[in-house]
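Before any comments, here is the structure.
What follows draws every value from the coordinates through simple rules; no lab data is involved. Please read all numbers here as calculations on a predicted model, not as lab measurements. Neighbour counts are summed over all protein chains in view; Cβ atoms, including those assigned to glycine, are modelled from backbone coordinates with ideal geometry.
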Amino acid sequence: MRFLTLAISLVISSFSQADWALQQPSSVHFLTNKNTHIAEIHRFKAFTAEVKDSGFAQINIDLSSVDTRIGIRDERMNEHLFEVSRFASARFEAEIPATVLAQVSAGQSSRFQLSGKVSLHGEQAQAQCEVLISPNKDKTITVSSITPMIIDAQSFNLVAGINKLQQIAGLKSITHTVPVTFSLTFKAN
């Protein structure tokens, strides 16, 4: 038992020697549904992320970088939904367990339930998704969502903005829950 504890400590300390910084390619996408049956995939072009040697992980998204592939829709989302003049970014913070970091450091992929806090539009709420953390041959790691993180507009005071977008675009409906997916690659500093 002492040997196992010592081995885990050594593996964790080898992973813990550095913080991990975001690398490319990395991506953050979200899906919207309108008029009941029309789904569209969007992304954010500008975001930062890091994983501290302690296991603290954080993603900061520049909301003005929303990319729906339709310029006027991006402008309307920034003005009426995100209100980027008041709320410029969204943030997700979580802790990655030491046991998971140890597995990745040992060259093994690790699948687990990532739970944390989302800060968006002046509000905070808990969110979770299942992720896979995989070591890569180039000494980077990739954290990818296996299941989407579901963001509920009601929790973040975004319903009025959605209703405004629906009215402007003349749509019958826009859903109030949005699945978010991501694939983030990190390299030790």
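Some notes on this structure:
- Amide H contacts for S173 (H built 1.01 Å from N in the peptide plane; partners 5 or more residues away or on another chain; cut-off under 5 Å): N35, T36.
- A simple rule links phi to the HN-Hα coupling: the Karplus curve 6.51 cos²θ - 1.76 cosθ + 1.60 with θ = phi - 60°, which for the range 156-168 gives 10, 6, 10, 4, 4, x, 5, 4, 5, 4, 4, 5, 4 Hz, with x for Gly and Pro.
- As a length-normalised measure over Cα pairs under 8 Å and 6 or more apart, the relative contact order of the chain settles at 26 percent.
- Among the listed pairs K52/K187; K45/K164; K45/K139; K137/K187; K45/K172, those with a Cα-Cα distance over 22 Å are K45/K164; K45/K139; K45/K172.
- Annotation: amide H-H contacts under 5 Å for I96 (H modelled 1.01 Å from N, sequence separation of 5 or more, or interchain): F56, A57.
- Modelled spin labels at N157 and A39, positioned 7 Å past Cα toward Cβ, are 3.1 nm from each other.
- The phi torsions of the range 97-114, fed into the Karplus equation with coefficients 6.51, -1.76 and 1.60 and a -60° offset, translate into couplings of x, 4, 5, 5, 4, 5, 4, 5, 4, 7, x, 10, 6, 9, 10, 7, 8, 8 Hz, rounded to whole numbers, with Gly and Pro shown as x.
- Built amide H within the under 5 Å cut-off of L158, gap 5+: none
- Summarising the overall dimensions of the range 2-188 from its C-alpha atoms, the Rg and Dmax are 18.4, 67 angstrom.
- Between the Cα long axis of helix 2-15 and the first principal axis of the chain there is an angle of about 50°, rounded to the nearest 10.
- Alpha carbon centroid spacing (whole Å) that separates the range 88-139 from the range 35-77: 17
- A simple packing score, the average count of other Cβ atoms within 10 Å per residue, orders the peptides 24-37, 48-61, 76-89 as 48-61, 76-89, 24-37, with the highest score first.
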